[in-house]
Amino acid sequence: MEREGTLHGALEGIRVVDMTQALAGPYLGMLLGDLGADVIKLERPGVGDQSRGWGPPFAAGESAYFLSINRNKRSLTCDYSTKQGLEVLRRLVERADVLLTNERRESYRVRMGIDYPSLSARNPHIIYCSITGFGMTGPYAGRPGYDIIAQGMAGLMPITGEKEEVPMRYPASIADLATALYGLGSVLAALFVRERTGCGQYIDLSLLESQAWWGVTQAVAYLLSGRPPAKLGNDHPFIVPYGTFKAKDGYLIIACASEALWARLCAVLGLEEIRDDPRYHVNRERVVRRAEVRRIIEEKLAERNAAEWIELLEQAGVPAGPIYSIPEMLQDAHVRARGFMIEQAHPTVGTLRTLASPLHLNETPASYRLPPPLLGQHTDEILAELGFSADDIRNLRDTGAV
């Protein structure tokens, strides 16, 4: 039953101007759009978001990369380096709640009149979210910065992978994704503050700090001990056993984060004799003997297939699981039962399947109202909403402003 005054989306009525491209900003824009915000994606005429060309694979000329992170947006082409285009942007900002930008050069922002002081003077309620590689202060401000650079400088690549391997990038752009998540929290917090003060504010996010924070436990351990973290492959630096283990036919994951779980694991594996052994009884002793613990466990695991062990461990309440490929993950019964894939009708692709939002709100759930837009698909519609007449719109097109 719908309650009086119920919102159909948590951010219904919030307008977002998304000037970003690539991954971090567009992903943040999509998260806001999934929660009900009206997201207007500002793109360069004839070019658009650079990720439109990142592939293959492509579907009807659109890259899978772009399609994966740009639903629930309307596309407006606008060259705001022109006088007419800048007027379009200014009208947008005057009616907006949030602006997202990943323009890294403050001097360019000021020259174009798209810096925070200039735009907030027109709309004091605007929440201006800046996403760059290194932030807008400090000696690296203004440097170009993509995800892999942030991963490299965040201290995690040297401890990712097996000991004999070269420094390893995580196979997804986690610096971008992390920044988008911190952006979501920052924007929502700023909207909440604005409800009480009436004022917008400036948010300065960097890929480097967002990624470096994911190494917080290793960084603080170093600050306390003076010892740099070691490369441990899939092992946990502070918990044993916690990682991937080899069974008869392949690998499984076992995660024993407490002494109670250690006792249950020993019972399942028939290792009661070492459960209370002073060398392995508590985690701190197991951590310094991680190679011995692994050898003992894998000798037992070699007696059965991985799936058999997972079933036995789950029955005993020991956290364990398989190691899936992407196709296997998408076919998993639990993942499917959670509705993790959605379908949308796209104007050129046809039926487009993408991943659903992981944000589950029971009163204002995520919604999937618009497929990822074609370049400039909604330009005339948005310009009309901003008060431009049909003649104005033709003039803007003729001059190349949109």
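Scanning for something assigned by TED's automatic domain parsing to the domain that holds Thr197, under 28 Å from the mean Cα position of the chain (by Cα), assigned to a loop (DSSP other than H, G, I, E, B) and over 20 Å from Gly33 (Cβ atoms), does the stretch 81-102 turn up at least one residue?
For the stretch 81-102, residues assigned by TED's automatic domain parsing to the domain that holds Thr197, under 28 Å from the mean Cα position of the chain (by Cα), assigned to a loop (DSSP other than H, G, I, E, B) and over 20 Å from Gly33 (Cβ atoms): absent.
Name the residue, out of Tyr116, Tyr170, Tyr108, that is under 23 Å from Ile14 (Cβ atoms) and in the same structural domain as Arg44 (by TED's automatic domain parsing).
Tyr116
With the requirement that a residue be hydrophobic (A, V, I, L, M, F, W, C) and surrounded by fewer than 11 Cβ atoms within 10 Å (Cβ to Cβ), what does the stretch 312-338 give you?
Ile326, Ala333, Ala337
How do the pairs read when you match residues in the stretch 163-189 that are small (Gly, Ala, Ser) with residues anywhere that are surrounded by fewer than 16 Cβ atoms within 10 Å (Cβ to Cβ) and outside any helix (DSSP H, G or I), using Cβ under 9 Å and keeping only pairs 6 or more apart or on different chains?
Partner pairs satisfying both residue conditions: Ser173/Tyr146; Ala175/Tyr146.
Restricting the search to the stretch 144-166, which residues are out of contact with any Lys or Arg (no Cβ under 8 Å at 6 or more places or on another chain), surrounded by fewer than 20 Cβ atoms within 10 Å (Cβ to Cβ) and at pLDDT 95 or above?
Across the stretch 144-166, the qualifying residues are Ile149, Met153, Gly155.
Condition first: closer than 16 Å to Ala267 by Cα and of a type in the set (Asp, Glu). Now tell me which residues in the stretch 282-315 satisfy that.
Within the stretch 282-315, Glu298, Glu299, Glu303, Glu308, Glu311, Glu314 qualify.
Yes or no: the stretch 176-198 includes at least one residue that is more than 30 Å from Glu385 (Cβ to Cβ), at pLDDT 95 or above, out of contact with any Lys or Arg (no Cβ under 6 Å at 6 or more places or on another chain) and aromatic (Phe, Trp, Tyr).
yes
Suppose we filter the stretch 45-64 for residues that are within 22 Å of Asp34 (Cα to Cα) and in a loop (DSSP other than H, G, I, E, B); how many remain?
2
Looking at (1) loosely packed, with under 15 Cβ neighbours inside 10 Å; (2) at pLDDT 95 or above, which is the one condition that is false for Ile127?
It fails just one condition, (1).
If you check Asp176 against the conditions, is it under 30 Å from Gly135 (Cα atoms) and crowded, with 19+ Cβ neighbours inside 10 Å?
Against the criterion (under 30 Å from Gly135 (Cα atoms) and crowded, with 19+ Cβ neighbours inside 10 Å), Asp176 qualifies.
Mind checking which residues of the stretch 130-144 are over 18 Å from the mean Cα position of the chain (by Cα) and among the aromatic types (Phe, Trp, Tyr)?
Tyr140
Looking at the stretch 145-168 only, could you name the residues that are within 16 Å of the chain's Cα centre (by Cα) and assigned to a loop (DSSP other than H, G, I, E, B)?
Once the filter is applied, which keeps residues that are within 16 Å of the chain's Cα centre (by Cα) and assigned to a loop (DSSP other than H, G, I, E, B), the stretch 145-168 yields only Tyr146.
Restrict the check to the stretch 339-354 and report whether at least one residue is small (Gly, Ala, Ser), more than 30 Å from Ser75 (Cβ to Cβ) and surrounded by fewer than 14 Cβ atoms within 10 Å (Cβ to Cβ).
No.
Let me spell it out: the conditions are (1) at pLDDT below 95; (2) in a helix (DSSP H, G or I); (3) under 28 Å from the mean Cα position of the chain (by Cα), and Leu67 meets all of them except one. Which number is the exception?
(1)
I'm told Leu271 meets every condition in (1) farther than 26 Å from Met157 by Cβ; (2) touching a Pro at 6+ places or on another chain (Cβ under 6 Å) except one. Can you identify the failing condition by its number?
(2)
Could you please find all residues in the stretch 134-173 being within 27 Å of Pro237 (Cβ to Cβ) and among the aliphatic types (A, V, I, L, M)?
Of everything in the stretch 134-173, those that are within 27 Å of Pro237 (Cβ to Cβ) and among the aliphatic types (A, V, I, L, M) turn out to be Ile148, Ile149, Ala150, Met153, Ala154, Leu156, Met157, Ile159, Val166, Met168, Ala172.
The values are calculated or read from the model by the stated rules, or taken from the named source; none is laboratory data. All values derive from a computational prediction rather than experimental measurement. All Cβ positions, even for glycine, are placed from backbone atoms using ideal geometry, and neighbour counts span all protein chains on display.
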